[in-house]
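What follows draws every value from the coordinates through simple rules; no lab data is involved. None of these values were measured; they are calculated from a predicted model. Every residue, glycine as well, gets a Cβ built from its backbone with ideal geometry; the counts of neighbours run over all protein chains shown.
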Amino acid sequence: MNVFYAKHPDVLSRYAADRFIEQLNKNPKSILGLATGSTPKKMYAYLGEDTRAGKVSFSQARSYNLDEYVGLPGDHPASYRYFMQEHLFSQVDFREGTTFLPNGVAQDLEREALRYDNKIREEGEMDILILGIGSNGHIGFNEPNIFFEAMTHVAELDESTRKDNSRFFDKLEDVPTHAISMGMRVIMQSKIILLMAFGENKAQAIYDTIKGKIDPRVPASILQLHPNATILIDEGAASLLEEADYVRL
Ligand code: F6R
């Protein structure tokens with residue numbers, strides 16, 4: 001696992017955007033894995049700017065998001081489809097019908113999870129995947145005590161996750177209790193994984209991910225076994241680590 005540090009998150013967002021651009025320029029038909037949340041917003045803004053500047057194109061790529069809330073249709077402002085539309089899909093040049101998220105309002109959610117899993121596996125594997133991390137160590141919505149071999153599934157959100165994400169809703173009760181999340185197994189098959197973590201509320205999860213044992217209580221710790229995973233941390237997220245634990249960007 002590579003661990004890269006920069007004092008300011010923008011430097012890390014720029015680095016992650018550059019890795020995506022490099023991948024797309026090498027293989028325009030790349031399969032991209034995408035995350036929502038506060039962490040990748042700036043990276044997506046950079047990708048928007050660079051698309052407008054003609055430095056990269058998404059026109060032959062396809063993307064798969066990590067997760068979607070159960071019960072929120074794509075036109076709900078707190079849905080992840082809506083988030084992606086606003087922060088990335090409307091800013092770059094994906095062709096119609098090439099960006100995928102699980103359907104959180106499917107009649108049969110278990111079946112939808114399986115369909116999504118199969119769809120990604122039919123692609124082969126993702127070429128590059130951007131991840132955030134929960135303050136409890138989750139990736140996607142693979143919450144603590146996940147089975148490392150998990151397929152895409154309907155996940156019950158931890159109370160800590162619902163609290164963390166309540167900032168995107170009017171009140172805590174409005175935060176969905178479940179989501180469909182890409183499974184750990186598919187995540188681990190991505191050829192390149194970039195995980196970004198910003199702020200002190202991620203410091204313990206980052207410490208456990210990098211320095212702890214591989215443990216289902218810290219889902220991100222499995223990344224220690226990935227052959228090409230890079231952790232990108234700012235000053236806050238690195239606050240429990242020592243200088244020797246990372247390389248400065
Ligand atoms: C989002 C996702 C989550 C977030 C994590 C961090 O699609 O799968 O794992 O990456 O909860 O969220 P932020 O970036 O809002 O701190």
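Only beta bridges with both residues in the stretch 2-248 are counted; by DSSP, about 25 percent of them are antiparallel.
In percent, rounded to a whole number, the relative contact order of the stretch 2-248 is 25, using alpha-carbon pairs under 8 Å and six or more apart. For the stretch 168-249, the set of trypsin sites (Lys or Arg not before Pro) satisfying both a DSSP loop assignment and a count of at most 15 other C-beta atoms within 10 Å is given as Lys171, Lys213, Arg217. The value of relative contact order for the stretch 1-137, using C-alpha pairs under 8 Å at least six residues apart, is 30 percent. Each other residue within a Cβ distance under 12 Å of Val105 adds +1 if Lys or Arg and -1 if Asp or Glu, for a net charge of -3. Computed from point charges on the beta carbon alone (+1 for Lys and Arg, -1 for Asp and Glu), the dipole magnitude for the chain about its Cα centre is near 620 Debye.
For the listed peptides 155-163, 78-86, 21-29, a ranking on the average number of other beta carbons within 10 Å per residue, highest first, reads 78-86, 155-163, 21-29.
When the Cα gyration tensor is reduced to axis lengths a ≥ b ≥ c, the ratio a/c stays below 1.5 for the chain, which is therefore classed as rounded.
For His178, nonlocal amide neighbours, meaning residues 5 or more places apart or on other chains whose placed amide H falls under 5 Å from its own, are Val70, Leu157. Taking the radius of gyration and the Kirkwood hydrodynamic radius from Cα positions alone, what is the Rg/Rh ratio for the stretch 189-249, to two decimal places? With Rh from the inverse mean 1/r over Cα pairs, Rg/Rh is 0.94.
Here Lys55 is the anchor, and the aspartates and glutamates within straight C-alpha reach of less than 15 Å, apart from those fewer than 8 places off in the same chain, are Asp18, Glu22, Asp93. If a/c stays under 1.5 just call it rounded; otherwise compare a/b with b/c (prolate if a/b is bigger, oblate if not). Do that for the stretch 73-144, with a ≥ b ≥ c from the square roots of the Cα gyration tensor eigenvalues. Taking the square roots of the gyration eigenvalues as a ≥ b ≥ c, the stretch 73-144 is rounded. Mind giving me the FRET efficiency for Val105 and Ser38? R0 is 30 Å, r the Cβ-Cβ distance, nearest 0.05 is fine. E(calc), rounded to 0.05, equals 0.80. Over 21 Å apart at the Cα level, from the set Lys191/Lys211; Lys42/Lys202; Lys119/Lys213; Lys42/Lys119; Lys163/Lys202; Lys42/Lys191, are Lys191/Lys211; Lys119/Lys213; Lys42/Lys119; Lys42/Lys191. Along the axis of the charge dipole computed for the stretch 2-248 (Cβ charges of +1 for Lys and Arg, -1 for Asp and Glu, origin at the Cα centre), the listed residues Asn165, Asn2, Asn103 are led at the positive end by Asn2. Normalised by the number of residues in the stretch 26-100, the average gap of Cα pairs under 8 Å and 6 or more apart makes the relative contact order 40 percent. For a straight C-alpha distance cut-off of 12 angstrom, the aspartates and glutamates reachable from Lys29 (same-chain residues fewer than eight places away being disregarded) are Glu123, Asp127.
For Thr99, the residues 5 or more places off, or on other chains, whose built amide H falls under 5 Å of its own are Ser63.
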